[in-house]
Each structure stands twice: as structure tokens, then as C-alpha cells.
């Protein structure tokens with residue numbers, strides 16, 4: 001019977017293990033999808049639909065905004081504020097001049113924020129310059 005080295009010196013047998021060797025790798029990034037609301041056009045108009053830049057106090061004013069989603073499909077929002085106070089414009093019927101709609105990438109959102117309902121304006125010129133700030137963006 002042969003004498004084993006491990007038995008003579010009381011060492012445990014060693015086990016050979018394989019070392020992991022990197023042969024290749026690849027990284028992958030998934031970017032966050034997001035829309036981008038860009039104001040293309042905005043104007044005020046009178047009851048005939050003519051674009052205006054002046055109005056008398058109490059005169060009805062319509063507001064129209066065109067926004068393009070220059071990103072991925074997303075919720076695009078638009079609001080119209082009084083630039084002097086920072087408050088969102090509220091129409092005479094109590095509705096705030098703000099909206100949000102899901103818009104596909106490259107598509108347009110055409111929004112009439114104020115107009116005439118049954119011949120009655122739902123936004124009137126105040127007794128001062130009407131400094132409006134129109135904002136657009138994305139996300140809910």
C-alpha cells in the first residue's frame with residue numbers, strides 16, 4: 001500500500017479551483033423617455049378671430065397656444081399666468097387657463113385657452129396692460 005504525502009505530514013489535500021477570467025463585456029444604458037413641450041405660437045384674438053395686440057378695458061379676449069412635443073410621447077402641460085402677479089389666469093367662468101394632455105412625439109397640441117361661449121367672452125381685458133406669460137413643459 002502506497003504512503004500518501006498528505007498522510008505522512010498530516011496536510012489536507014488541496015483542491016485546484018478554476019479562476020474566473022473575463023473574456024468580454026458590454027454595457028447597456030436605457031435612457032429615460034421624456035417629452036419636451038415647446039411653444040410654437042401664441043396669440044390673442046378678438047371675437048372675429050382676428051389676432052390682436054391691443055384691447056379696451058372689458059373687451060373680450062381669446063387666447064390660443066400651439067405647443068409641439070419635441071421629445072417622446074408624454075404628458076405636455078401649458079399654463080397662462082399674469083406676468084405681473086405670477087397667478088394663473090382665471091376665466092370669467094371660473095376655469096383656470098391651464099391644461100395637460102398626452103401628446104405623441106413630434107405632434108402638436110393646439111389649445112384655445114379662452115374664447116366666446118354663446119357670444120359671451122370668458123376672458124376680458126383688465127383695466128391695465130395684460131402681461132401674459134405662457135409656460136409649457138412635460139410630465140404630470
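The values are calculated or read from the model by the stated rules, or taken from the named source; none is laboratory data. Note that the structure is a prediction, hence the values are computed from the model and not measured. Please note: Cβ atoms are built from the backbone with ideal geometry, for glycine as well, and neighbour counts cover all protein chains shown.
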Legend entry - Selection count, region 46-71, where residues are part of a strand (DSSP E or B), touching a residue at least 60 places away in the same chain (Cβ under 8 Å) and within 19 Å of residue 93 (Cα to Cα): 3
Inset, instruction - Would you mind telling me which numbered condition in (1) surrounded by 13 or more Cβ atoms within 10 Å (Cβ to Cβ); (2) at pLDDT below 95 residue 138 fails? - result: (2)
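Have a look at 75, 92, 85, 99 and point out the one that is part of a strand (DSSP E or B) and either modelled with pLDDT under 95 or over 19 Å from residue 32 (Cβ atoms) (or both).
99
Condition check ((1) over 30 Å from residue 140 (Cβ atoms); (2) modelled with pLDDT under 70; (3) surrounded by fewer than 10 Cβ atoms within 10 Å (Cβ to Cβ)) across all residues:
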site	(1), (2), (3)
16	yes, yes, yes
28	no, no, yes
32	no, no, yes
35	no, no, no
40	no, no, no
44	no, no, no
47	yes, no, no
53	yes, no, yes
Inset, instruction - Exactly one condition in (1) in contact with a strand residue (DSSP E or B) (Cβ under 9 Å, 6 or more places away or on another chain); (2) farther than 16 Å from residue 123 by Cα; (3) free of Cβ contacts under 8 Å to residues at least 60 places away in the same chain is not met by residue 88; state its number. - result: (2)
